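The values are calculated or read from the model by the stated rules, or taken from the named source; none is laboratory data. Since the model is a prediction, treat every value here as computed from it, not as a measurement. Quick reminder, even Gly has a Cβ in these numbers, built from the backbone with ideal geometry, and neighbours come from all protein chains shown. These area figures cover heavy atoms from the full protein model, side chains too; ligands, DNA and RNA do not enter into them. Shrake-Rupley method; radii C 1.70, N 1.55, O 1.52, S 1.80 Å.
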Amino acid sequence: MLPLNKNYIALVSILAYVVYIIVNFIYFSIGTVFGDETRFIAEAITLSESGEFWNYKDRAWEMPLTAVIYSIFYSLFENERNLIIFVRLFQPLLLVLQAFLLYKISLKIFDNKLSALIAFTITLFYPFFIFYQGLLLSETFFNTVLIVSFYFIYRWYEDDFKIDTSFLLANIFLLLSIYIKGTLSILPPLLLTVFFVVNKLELKSAIKVFLYSTLIYIFLMTPWWIRNYMIFDQFVPFTTSSGKVLYLGNNPANKYGGCDMAVDVDRKEFTSIGTIDDELERNKLFKYKAIEFIKNNPDRFFELMLLKFKRFYNIIPNADKYKQGYFKWITLVSYGSIFTLFLVSIVIHAKYYKRLTAIYILFIYFTLLHMVFIASLRYRLPLEPFMILLSSNVIAIIYRRIYGSKN
(Lines give C-alpha, C1' and ligand atoms only; values in the text may rest on other atoms or scores of the structure.)
Protein backbone atom coordinates (compact mmCIF):
# COMPACT_ATOMS: atom_id res chain seq x y z
CA MET A 1 0.00 0.00 0.00
CA LEU A 2 1.21 3.53 -0.74
CA PRO A 3 2.55 5.27 2.38
CA LEU A 4 -0.07 7.76 3.47
CA ASN A 5 2.10 10.66 4.63
CA LYS A 6 3.39 14.04 3.53
CA ASN A 7 6.90 12.70 2.93
CA TYR A 8 5.58 10.56 0.09
CA ILE A 9 4.11 13.59 -1.70
CA ALA A 10 7.34 15.58 -1.29
CA LEU A 11 9.69 12.76 -2.33
CA VAL A 12 7.64 11.66 -5.34
CA SER A 13 7.27 15.28 -6.47
CA ILE A 14 11.05 15.74 -6.41
CA LEU A 15 11.58 12.46 -8.27
CA ALA A 16 9.00 13.49 -10.89
CA TYR A 17 10.64 16.89 -11.37
CA VAL A 18 14.00 15.18 -11.96
CA VAL A 19 12.35 12.94 -14.58
CA TYR A 20 10.88 16.01 -16.31
CA ILE A 21 14.27 17.73 -16.42
CA ILE A 22 15.87 14.62 -17.94
CA VAL A 23 13.13 14.52 -20.60
CA ASN A 24 13.32 18.27 -21.27
CA PHE A 25 17.08 18.54 -21.66
CA ILE A 26 18.19 15.08 -22.79
CA TYR A 27 15.25 13.62 -24.74
CA PHE A 28 14.35 17.03 -26.22
CA SER A 29 17.00 19.19 -27.83
CA ILE A 30 17.49 22.83 -26.83
CA GLY A 31 15.17 23.97 -29.58
CA THR A 32 11.61 23.58 -30.71
CA VAL A 33 10.14 20.09 -31.01
CA PHE A 34 6.56 20.78 -32.11
CA GLY A 35 5.64 23.05 -35.02
CA ASP A 36 3.28 25.27 -33.03
CA GLU A 37 6.05 26.16 -30.57
CA THR A 38 7.56 28.57 -33.09
CA ARG A 39 4.25 30.47 -33.18
CA PHE A 40 4.13 30.97 -29.42
CA ILE A 41 7.80 31.99 -29.32
CA ALA A 42 7.26 34.52 -32.14
CA GLU A 43 4.22 35.96 -30.33
CA ALA A 44 6.21 36.28 -27.10
CA ILE A 45 9.13 38.02 -28.79
CA THR A 46 6.85 40.43 -30.67
CA LEU A 47 4.90 41.24 -27.52
CA SER A 48 8.06 41.76 -25.48
CA GLU A 49 9.68 44.02 -28.07
CA SER A 50 6.65 45.98 -29.32
CA GLY A 51 4.16 45.77 -26.47
CA GLU A 52 1.52 44.50 -28.94
CA PHE A 53 0.04 41.05 -29.38
CA TRP A 54 0.38 39.65 -32.91
CA ASN A 55 0.20 36.19 -34.40
CA TYR A 56 2.40 36.93 -37.41
CA LYS A 57 0.05 39.21 -39.44
CA ASP A 58 -3.06 38.62 -37.31
CA ARG A 59 -4.14 40.45 -34.16
CA ALA A 60 -6.66 38.05 -32.59
CA TRP A 61 -5.93 34.67 -34.14
CA GLU A 62 -5.73 33.11 -30.67
CA MET A 63 -6.07 34.14 -27.04
CA PRO A 64 -3.06 36.01 -25.61
CA LEU A 65 -2.22 34.78 -22.11
CA THR A 66 0.38 32.14 -23.05
CA ALA A 67 2.21 34.71 -25.17
CA VAL A 68 1.99 37.22 -22.29
CA ILE A 69 3.60 34.77 -19.86
CA TYR A 70 6.29 33.75 -22.34
CA SER A 71 6.97 37.41 -23.18
CA ILE A 72 7.67 38.09 -19.49
CA PHE A 73 10.13 35.19 -19.47
CA TYR A 74 11.70 36.42 -22.73
CA SER A 75 12.12 39.96 -21.37
CA LEU A 76 14.28 38.54 -18.57
CA PHE A 77 16.81 37.08 -21.02
CA GLU A 78 16.07 38.59 -24.47
CA ASN A 79 17.27 35.32 -25.95
CA GLU A 80 15.17 32.56 -27.54
CA ARG A 81 17.41 29.75 -26.33
CA ASN A 82 17.26 30.95 -22.74
CA LEU A 83 13.48 31.35 -23.04
CA ILE A 84 13.20 27.67 -23.97
CA ILE A 85 15.46 26.65 -21.08
CA PHE A 86 13.53 28.74 -18.56
CA VAL A 87 10.14 27.42 -19.71
CA ARG A 88 11.42 23.85 -19.46
CA LEU A 89 12.48 24.52 -15.89
CA PHE A 90 9.22 26.29 -14.99
CA GLN A 91 6.49 24.21 -16.62
CA PRO A 92 7.45 21.02 -14.74
CA LEU A 93 6.48 22.86 -11.55
CA LEU A 94 3.02 23.40 -13.04
CA LEU A 95 2.62 19.66 -13.60
CA VAL A 96 3.56 19.00 -9.97
CA LEU A 97 0.97 21.61 -8.96
CA GLN A 98 -1.65 19.89 -11.15
CA ALA A 99 -0.97 16.58 -9.42
CA PHE A 100 -1.22 18.11 -5.95
CA LEU A 101 -4.49 19.89 -6.77
CA LEU A 102 -5.98 16.69 -8.17
CA TYR A 103 -4.97 15.04 -4.89
CA LYS A 104 -6.90 17.76 -3.02
CA ILE A 105 -9.92 17.57 -5.34
CA SER A 106 -10.03 13.79 -4.93
CA LEU A 107 -10.12 14.18 -1.16
CA LYS A 108 -12.99 16.66 -1.44
CA ILE A 109 -15.03 14.35 -3.69
CA PHE A 110 -14.25 10.86 -2.36
CA ASP A 111 -12.72 11.54 1.08
CA ASN A 112 -10.18 8.76 0.58
CA LYS A 113 -6.43 9.25 0.90
CA LEU A 114 -5.49 6.19 -1.13
CA SER A 115 -7.61 7.33 -4.07
CA ALA A 116 -6.11 10.82 -3.82
CA LEU A 117 -2.52 9.52 -3.71
CA ILE A 118 -3.12 7.25 -6.70
CA ALA A 119 -4.45 10.23 -8.68
CA PHE A 120 -1.44 12.29 -7.56
CA THR A 121 1.06 9.62 -8.60
CA ILE A 122 -0.49 8.76 -11.97
CA THR A 123 -0.73 12.45 -12.89
CA LEU A 124 2.97 12.99 -12.16
CA PHE A 125 4.08 10.11 -14.39
CA TYR A 126 1.41 10.15 -17.09
CA PRO A 127 3.37 10.09 -20.41
CA PHE A 128 1.30 12.72 -22.24
CA PHE A 129 1.54 15.25 -19.41
CA ILE A 130 5.31 14.69 -19.26
CA PHE A 131 5.56 15.20 -23.01
CA TYR A 132 3.56 18.43 -23.15
CA GLN A 133 5.15 20.06 -20.10
CA GLY A 134 8.40 20.17 -22.05
CA LEU A 135 6.92 22.03 -25.02
CA LEU A 136 6.36 25.76 -25.45
CA LEU A 137 2.64 25.38 -26.04
CA SER A 138 -0.50 26.46 -24.22
CA GLU A 139 -1.49 22.96 -23.05
CA THR A 140 0.30 22.89 -19.68
CA PHE A 141 -0.85 26.41 -18.76
CA PHE A 142 -4.43 25.66 -19.81
CA ASN A 143 -4.60 22.38 -17.91
CA THR A 144 -3.14 23.98 -14.79
CA VAL A 145 -5.58 26.90 -14.74
CA LEU A 146 -8.51 24.58 -15.51
CA ILE A 147 -7.56 22.27 -12.61
CA VAL A 148 -7.14 25.28 -10.29
CA SER A 149 -10.64 26.43 -11.25
CA PHE A 150 -12.06 22.99 -10.39
CA TYR A 151 -10.21 23.01 -7.08
CA PHE A 152 -12.12 26.19 -6.20
CA ILE A 153 -15.36 24.79 -7.63
CA TYR A 154 -15.08 21.91 -5.16
CA ARG A 155 -14.14 24.27 -2.33
CA TRP A 156 -17.32 26.15 -3.21
CA TYR A 157 -19.16 22.80 -3.06
CA GLU A 158 -17.65 22.14 0.39
CA ASP A 159 -18.75 25.63 1.51
CA ASP A 160 -22.35 24.67 0.64
CA PHE A 161 -22.37 26.93 -2.44
CA LYS A 162 -22.02 30.22 -0.57
CA ILE A 163 -21.26 33.29 -2.69
CA ASP A 164 -17.80 33.59 -1.18
CA THR A 165 -14.12 33.69 -2.08
CA SER A 166 -14.17 30.15 -3.49
CA PHE A 167 -17.02 31.09 -5.83
CA LEU A 168 -15.16 34.21 -6.96
CA LEU A 169 -11.89 32.34 -7.55
CA ALA A 170 -13.65 29.54 -9.43
CA ASN A 171 -15.05 32.16 -11.82
CA ILE A 172 -11.74 33.99 -12.14
CA PHE A 173 -9.72 30.89 -13.03
CA LEU A 174 -12.35 29.61 -15.47
CA LEU A 175 -12.06 32.99 -17.21
CA LEU A 176 -8.27 32.89 -17.13
CA SER A 177 -8.44 29.56 -18.96
CA ILE A 178 -10.34 31.35 -21.75
CA TYR A 179 -7.50 33.88 -21.99
CA ILE A 180 -5.18 30.92 -22.65
CA LYS A 181 -7.53 29.10 -25.04
CA GLY A 182 -10.96 30.26 -26.10
CA THR A 183 -12.24 26.70 -25.74
CA LEU A 184 -14.57 27.27 -22.78
CA SER A 185 -16.24 30.19 -24.57
CA ILE A 186 -19.47 31.01 -22.68
CA LEU A 187 -19.39 27.86 -20.52
CA PRO A 188 -18.27 29.21 -17.09
CA PRO A 189 -21.56 30.81 -15.90
CA LEU A 190 -23.55 27.86 -17.28
CA LEU A 191 -21.29 25.24 -15.69
CA LEU A 192 -21.47 26.83 -12.23
CA THR A 193 -25.22 27.41 -12.45
CA VAL A 194 -26.06 23.86 -13.56
CA PHE A 195 -23.72 22.42 -10.92
CA PHE A 196 -25.55 24.46 -8.30
CA VAL A 197 -29.02 23.49 -9.56
CA VAL A 198 -28.26 19.75 -9.61
CA ASN A 199 -27.01 19.88 -6.03
CA LYS A 200 -29.37 22.42 -4.43
CA LEU A 201 -32.55 22.64 -6.55
CA GLU A 202 -33.08 26.27 -5.50
CA LEU A 203 -34.25 28.36 -8.46
CA LYS A 204 -33.96 31.75 -6.79
CA SER A 205 -30.40 31.11 -5.62
CA ALA A 206 -29.54 29.59 -9.01
CA ILE A 207 -30.53 32.84 -10.71
CA LYS A 208 -28.25 34.69 -8.31
CA VAL A 209 -25.35 32.31 -9.11
CA PHE A 210 -25.92 32.80 -12.83
CA LEU A 211 -26.14 36.60 -12.58
CA TYR A 212 -23.04 36.94 -10.42
CA SER A 213 -21.06 34.55 -12.63
CA THR A 214 -22.18 36.44 -15.74
CA LEU A 215 -21.17 39.79 -14.24
CA ILE A 216 -17.72 38.42 -13.34
CA TYR A 217 -17.49 36.94 -16.84
CA ILE A 218 -18.33 40.27 -18.51
CA PHE A 219 -16.00 42.22 -16.22
CA LEU A 220 -13.01 39.96 -16.89
CA MET A 221 -13.61 39.57 -20.64
CA THR A 222 -14.14 43.30 -21.20
CA PRO A 223 -10.39 44.19 -21.56
CA TRP A 224 -10.10 41.72 -24.46
CA TRP A 225 -13.33 42.98 -26.02
CA ILE A 226 -12.25 46.63 -25.75
CA ARG A 227 -8.82 45.85 -27.17
CA ASN A 228 -10.36 44.02 -30.13
CA TYR A 229 -12.92 46.75 -30.77
CA MET A 230 -10.15 49.35 -30.86
CA ILE A 231 -8.28 47.27 -33.46
CA PHE A 232 -11.17 45.98 -35.62
CA ASP A 233 -13.85 48.60 -34.97
CA GLN A 234 -16.31 45.80 -34.21
CA PHE A 235 -17.06 43.28 -31.48
CA VAL A 236 -14.77 40.23 -31.57
CA PRO A 237 -15.57 38.11 -28.49
CA PHE A 238 -12.79 35.52 -28.74
CA THR A 239 -10.56 34.75 -31.74
CA THR A 240 -10.48 35.07 -35.50
CA SER A 241 -9.49 31.44 -36.10
CA SER A 242 -12.78 29.70 -35.29
CA GLY A 243 -14.01 29.82 -38.89
CA LYS A 244 -10.84 28.18 -40.17
CA VAL A 245 -11.10 25.42 -37.57
CA LEU A 246 -14.80 24.86 -38.34
CA TYR A 247 -13.99 24.68 -42.07
CA LEU A 248 -11.13 22.24 -41.49
CA GLY A 249 -13.52 19.82 -39.80
CA ASN A 250 -16.44 20.41 -42.18
CA ASN A 251 -15.67 20.56 -45.87
CA PRO A 252 -16.15 18.24 -48.89
CA ALA A 253 -12.51 17.11 -48.88
CA ASN A 254 -12.59 15.89 -45.27
CA LYS A 255 -13.21 12.16 -45.66
CA TYR A 256 -12.28 10.73 -42.26
CA GLY A 257 -12.88 13.51 -39.73
CA GLY A 258 -9.19 14.48 -39.71
CA CYS A 259 -7.58 17.83 -38.94
CA ASP A 260 -4.57 17.88 -41.25
CA MET A 261 -4.47 21.07 -43.33
CA ALA A 262 -2.38 19.27 -45.93
CA VAL A 263 -4.88 16.43 -46.41
CA ASP A 264 -8.36 17.22 -45.09
CA VAL A 265 -9.18 20.30 -47.19
CA ASP A 266 -9.46 21.33 -50.82
CA ARG A 267 -5.98 22.84 -51.06
CA LYS A 268 -6.92 25.32 -53.79
CA GLU A 269 -9.91 26.74 -51.91
CA PHE A 270 -8.17 26.60 -48.55
CA THR A 271 -5.12 28.47 -49.87
CA SER A 272 -7.27 31.02 -51.69
CA ILE A 273 -9.21 31.92 -48.55
CA GLY A 274 -6.03 31.83 -46.46
CA THR A 275 -4.44 34.57 -48.60
CA ILE A 276 -7.11 37.13 -47.63
CA ASP A 277 -5.29 39.80 -45.63
CA ASP A 278 -8.25 40.93 -43.52
CA GLU A 279 -8.45 38.32 -40.77
CA LEU A 280 -12.09 39.08 -40.00
CA GLU A 281 -13.11 38.62 -43.63
CA ARG A 282 -11.00 35.50 -43.85
CA ASN A 283 -12.65 34.10 -40.73
CA LYS A 284 -16.14 34.96 -42.03
CA LEU A 285 -15.52 33.27 -45.38
CA PHE A 286 -14.15 30.10 -43.76
CA LYS A 287 -17.19 30.04 -41.46
CA TYR A 288 -19.58 30.67 -44.35
CA LYS A 289 -18.10 27.81 -46.40
CA ALA A 290 -18.28 25.43 -43.44
CA ILE A 291 -21.89 26.32 -42.55
CA GLU A 292 -22.88 26.05 -46.22
CA PHE A 293 -21.38 22.53 -46.32
CA ILE A 294 -23.22 21.56 -43.11
CA LYS A 295 -26.57 22.88 -44.38
CA ASN A 296 -26.23 21.15 -47.73
CA ASN A 297 -24.88 17.88 -46.32
CA PRO A 298 -26.54 17.18 -42.95
CA ASP A 299 -26.06 13.41 -43.21
CA ARG A 300 -22.38 13.82 -44.01
CA PHE A 301 -22.00 16.32 -41.17
CA PHE A 302 -23.40 13.72 -38.78
CA GLU A 303 -21.04 11.06 -40.17
CA LEU A 304 -18.09 13.41 -39.65
CA MET A 305 -19.23 14.05 -36.08
CA LEU A 306 -19.15 10.32 -35.38
CA LEU A 307 -15.71 10.01 -36.97
CA LYS A 308 -14.46 12.93 -34.86
CA PHE A 309 -15.93 11.34 -31.73
CA LYS A 310 -13.91 8.21 -32.49
CA ARG A 311 -10.76 10.28 -33.09
CA PHE A 312 -11.29 12.24 -29.88
CA TYR A 313 -11.46 9.15 -27.65
CA ASN A 314 -9.24 6.84 -29.70
CA ILE A 315 -6.97 4.64 -27.56
CA ILE A 316 -4.20 4.64 -30.18
CA PRO A 317 -2.75 7.68 -32.01
CA ASN A 318 -4.68 8.94 -35.04
CA ALA A 319 -1.64 10.07 -37.05
CA ASP A 320 -0.20 7.35 -39.28
CA LYS A 321 3.39 7.94 -38.16
CA TYR A 322 2.46 7.33 -34.51
CA LYS A 323 0.19 4.30 -35.01
CA GLN A 324 3.11 1.90 -34.90
CA GLY A 325 5.97 1.18 -32.52
CA TYR A 326 6.39 2.47 -29.00
CA PHE A 327 4.13 5.54 -29.50
CA LYS A 328 1.21 3.20 -30.08
CA TRP A 329 2.01 1.03 -27.08
CA ILE A 330 2.62 3.95 -24.73
CA THR A 331 -0.77 5.38 -25.68
CA LEU A 332 -2.52 2.01 -25.45
CA VAL A 333 -1.09 1.15 -22.03
CA SER A 334 -1.38 4.59 -20.41
CA TYR A 335 -4.46 6.26 -21.88
CA GLY A 336 -6.10 2.94 -22.80
CA SER A 337 -6.01 1.79 -19.17
CA ILE A 338 -7.21 5.14 -17.80
CA PHE A 339 -10.02 5.40 -20.35
CA THR A 340 -11.25 1.89 -19.57
CA LEU A 341 -11.26 2.63 -15.83
CA PHE A 342 -12.95 5.97 -16.50
CA LEU A 343 -15.83 4.19 -18.28
CA VAL A 344 -16.13 1.82 -15.34
CA SER A 345 -16.08 4.79 -12.97
CA ILE A 346 -19.19 6.32 -14.56
CA VAL A 347 -21.16 3.27 -13.39
CA ILE A 348 -19.41 2.82 -10.05
CA HIS A 349 -19.76 6.51 -9.17
CA ALA A 350 -23.48 6.71 -9.89
CA LYS A 351 -24.13 7.63 -6.25
CA TYR A 352 -21.72 10.57 -6.62
CA TYR A 353 -23.44 11.99 -9.70
CA LYS A 354 -24.47 15.27 -8.04
CA ARG A 355 -20.98 16.18 -6.86
CA LEU A 356 -19.47 14.99 -10.15
CA THR A 357 -21.84 17.03 -12.31
CA ALA A 358 -19.28 19.81 -12.88
CA ILE A 359 -16.80 17.28 -14.26
CA TYR A 360 -19.41 15.56 -16.42
CA ILE A 361 -20.51 18.91 -17.88
CA LEU A 362 -16.90 19.55 -18.88
CA PHE A 363 -16.74 16.17 -20.65
CA ILE A 364 -20.03 16.70 -22.47
CA TYR A 365 -19.02 20.20 -23.55
CA PHE A 366 -15.56 19.24 -24.84
CA THR A 367 -16.92 16.17 -26.62
CA LEU A 368 -19.68 18.04 -28.46
CA LEU A 369 -17.39 20.96 -29.28
CA HIS A 370 -14.76 18.77 -30.90
CA MET A 371 -17.34 16.63 -32.69
CA VAL A 372 -18.51 19.82 -34.41
CA PHE A 373 -15.10 21.44 -35.01
CA ILE A 374 -11.99 19.21 -35.12
CA ALA A 375 -10.82 16.38 -32.90
CA SER A 376 -7.44 14.97 -31.94
CA LEU A 377 -5.69 13.41 -28.96
CA ARG A 378 -4.10 16.78 -28.19
CA TYR A 379 -7.49 18.46 -27.78
CA ARG A 380 -8.58 15.69 -25.41
CA LEU A 381 -5.67 16.39 -23.06
CA PRO A 382 -7.60 18.75 -20.69
CA LEU A 383 -10.05 15.93 -19.92
CA GLU A 384 -7.40 13.37 -19.03
CA PRO A 385 -6.59 14.77 -15.55
CA PHE A 386 -10.26 14.26 -14.68
CA MET A 387 -10.24 10.76 -16.18
CA ILE A 388 -7.28 10.00 -13.91
CA LEU A 389 -9.12 11.52 -10.94
CA LEU A 390 -12.15 9.23 -11.40
CA SER A 391 -10.14 6.17 -12.47
CA SER A 392 -7.95 6.40 -9.37
CA ASN A 393 -10.94 5.95 -7.12
CA VAL A 394 -11.87 2.80 -9.05
CA ILE A 395 -8.35 1.47 -8.41
CA ALA A 396 -8.72 2.35 -4.71
CA ILE A 397 -12.08 0.55 -4.55
CA ILE A 398 -10.58 -2.57 -6.15
CA TYR A 399 -7.65 -2.41 -3.72
CA ARG A 400 -9.97 -2.12 -0.71
CA ARG A 401 -12.05 -5.07 -1.86
CA ILE A 402 -8.96 -7.26 -2.28
CA TYR A 403 -7.12 -6.21 0.88
CA GLY A 404 -10.00 -4.98 3.04
CA SER A 405 -8.50 -1.53 3.65
CA LYS A 406 -10.84 1.39 4.26
CA ASN A 407 -8.42 4.22 3.51
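Sorting the segments 239-251, 263-275 by their mean number of nearby beta carbons within 10 angstrom, highest to lowest, gives 239-251, 263-275.
Residue 56 contributes about 150 Å² of solvent-accessible surface, heavy atoms of the protein only, 1.4 Å probe.
Taking all protein chains together and rolling a 1.4 Å probe, residue 367 ends up with roughly 20 Å² accessible. When the Cα positions of 32, 357, 77 are compared along the charge dipole of the chain, 357 comes out farthest toward the positive end, with charges on each C-beta of Lys, Arg, Asp and Glu.
Taking a ≥ b ≥ c as the square roots of the eigenvalues of the Cα gyration tensor of segment 177-225, is the shape rounded (a/c under 1.5), prolate (a/b larger than b/c) or oblate?
Numbers: a/c = 4.48, a/b = 1.90, b/c = 2.36.
Oblate, since a/c reaches 1.5 and b/c is not below a/b.
Please compute the net charge surrounding residue 143, taking Lys and Arg as +1 and Asp and Glu as -1 over other residues with Cβ under 15 Å from its Cβ. That works out to +1. Taking a ≥ b ≥ c as the square roots of the eigenvalues of the Cα gyration tensor, an a/c ratio of 1.5 or more together with a/b no larger than b/c marks segment 323-407 as oblate. Centroid-to-centroid, using Cα positions, segment 235-255 and segment 55-129 are 27 Å apart.
For segment 73-212, the fraction of 1.4 Å probe accessible surface lying on carbon and sulfur atoms is 65 percent. The GluC sites (Glu not before Pro) of segment 109-214 include none that DSSP puts in a loop with a beta carbon having at most 11 other beta carbons within 10 Å.
Each Lys and Arg contributes +1 and each Asp and Glu -1, all at the Cβ; summed about the Cα centre of the chain, the dipole is approximately 1500 debye.
At a probe radius of 1.4 angstrom, the accessible area of segment 98-242 per residue rounds to 38 square angstrom.
The accessible-area ordering, largest first, of the residues 255, 108 stands as 255, 108, per a 1.4 angstrom probe.
Show that you can apply the helix-only estimate: for the chain, add -39,500 (n - 2.57) for every DSSP H stretch of four or more residues, divide by all residues, and state [θ] at 222 nm to the nearest 500. Only helices count here, giving -23500 deg cm²/dmol. Computed across segment 103-170, the Kirkwood radius stands at 13.2 Å (inverse of mean 1/r, all Cα pairs). Solvent-accessible surface (1.4 Å probe) assigned to residue 329 amounts to roughly 140 Å².
Ordered from largest to smallest accessible area (heavy atoms of protein chains, 1.4 Å probe), the residues 380, 81, 39, 401 come out as 401, 81, 39, 380.
Under conditions of 25 °C and 0.890 mPa s, segment 233-287 yields 211 µm² s⁻¹ as its translational diffusion coefficient, taking Rh as the Kirkwood radius over Cα pairs in the Stokes-Einstein equation. Put simply, segment 3-404 fits an ellipsoid with semi-axes of 33, 26, 24 Å; these come from the alpha carbon gyration tensor as the roots of five times its eigenvalues, largest first.
In a shell of Cβ-Cβ distance under 10 Å around residue 246, excluding residue 246 itself, what net charge do Lys and Arg (+1) and Asp and Glu (-1) give?
Every neighbour counted, the sum reads +3.
Label point 7 Å out from residue 49 along Cα-to-Cβ: which residues of segment 68-103 have amide N under 11 Å? What the label zone holds, given the 11 Å backbone N cut-off, is 79-80.
Oblate is the label for segment 86-242. Its Cα gyration tensor axes, ordered a ≥ b ≥ c, give a/c of at least 1.5 and b/c at or above a/b.
With 0.36 nm allotted per residue and the present C-alpha distance subtracted, the residue 401-residue 11 stretch has 137.6 nm of extension available. Give me the percent of the accessible area of segment 304-347 that comes from carbon and sulfur atoms, probe 1.4 Å, all protein chains in place. C and S fraction of accessible area: 72 percent. Under the criterion of Cα pairs below 8 Å and six or more residues apart, the relative contact order for segment 3-404 equals 17 percent.
With a cut-off of 9 Å between beta carbons, the residues surrounding residue 154 carry a summed charge of +3, where Lys and Arg count +1 and Asp and Glu -1.
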